[in-house]
Amino acid sequence: MRTMSRLVVAALIAGSLAMSGCAYNSSSADVYTASQAQREETVRMGTVDSVRAVKISSNNGQPSGIGAIGGGALGAVAGSTIGGGTGSIITGIIGGLAGAVAGNSIENGVAVRDGLEVTVRLDNGDMRAITQSATGEIFRAGERVRLLSSGGVTRVTH
């Protein structure tokens with residue numbers, strides 16, 4: 001029976017992790033959603049004023065709880081295998097709490113990726129700052145760039 005409950009917990013955690021991987025929101029200048037493809041964009045030209053490395057949180061600093069639940073379940077199962085009787089219950093509770101904290105921390109860490117804040121002086125003199133995922137494309141002060149805008153989304157490209 002204990003083996004069966006471990007398998008169920010493992011299946012639930014694997015399913016949760018798989019589903020969370022599908023919820024990928026990219027702020028990269030290189031990734032378009034299906035609804036953004038083949039849409040006309042406004043193109044403005046400008047010069048990079050400054051570039052700053054930033055971190056982008058895909059969960060807006062609000063974990064979904066999947067990490068805590070999964071970590072708690074794994075920790076409880078692992079902890080309950082230690083000791084016997086009341087000791088098994090206590091180690092299961094402690095393992096569950098520790099697993100929930102660890103799972104939440106892991107979820108928050110996975111949700112953060114590298115980004116760039118690119119400040120651009122448009123040809124008309126206006127300044128714009130755009131934050132997007134770092135994709136390896138390098139922007140330097142003084143370079144000419146394009147700002148592509150559509151539907152409230154603006155990307156900086158060369």
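The values are calculated or read from the model by the stated rules, or taken from the named source; none is laboratory data. Remember, predicted model here, so these are calculated numbers, not experimental data. Virtual Cβ from ideal backbone geometry, glycine too; neighbours counted across all protein chains shown.
Going by the structure shown, is V9 farther than 17 Å from S149 by Cβ and modelled with pLDDT of 80 or more?
Working: farther than 17 Å from S149 by Cβ: yes; modelled with pLDDT of 80 or more: no.
So V9 fails the test.
Of a type in the set (S, T, Y), over 18 Å from I56 (Cα atoms) and either touching a Gly at 6+ places or on another chain (Cβ under 8 Å) or touching a residue at least 12 places away in the same chain (Cβ under 8 Å) (or both): does that describe S150?
On the way: of a type in the set (S, T, Y): yes; over 18 Å from I56 (Cα atoms): yes; either touching a Gly at 6+ places or on another chain (Cβ under 8 Å) or touching a residue at least 12 places away in the same chain (Cβ under 8 Å) (or both): yes.
Judged against the criteria, S150 is a match.
Go through region 115-157 and tell me which strands (runs of 3 or more DSSP E), entirely inside it, have 2 or more residues that are polar (S, T, N, Q) and under 20 Å from the mean Cα position of the chain (by Cα). Walk me through it before giving the result.
Working: elements: 127-133, 144-150, 153-157.
Fully inside region 115-157 and qualifying: 127-133.
Looking only at region 116-132, which residues are crowded, with 18+ Cβ neighbours inside 10 Å, within 20 Å of Q36 (Cα to Cα) and touching a residue at least 60 places away in the same chain (Cβ under 8 Å)?
Q132
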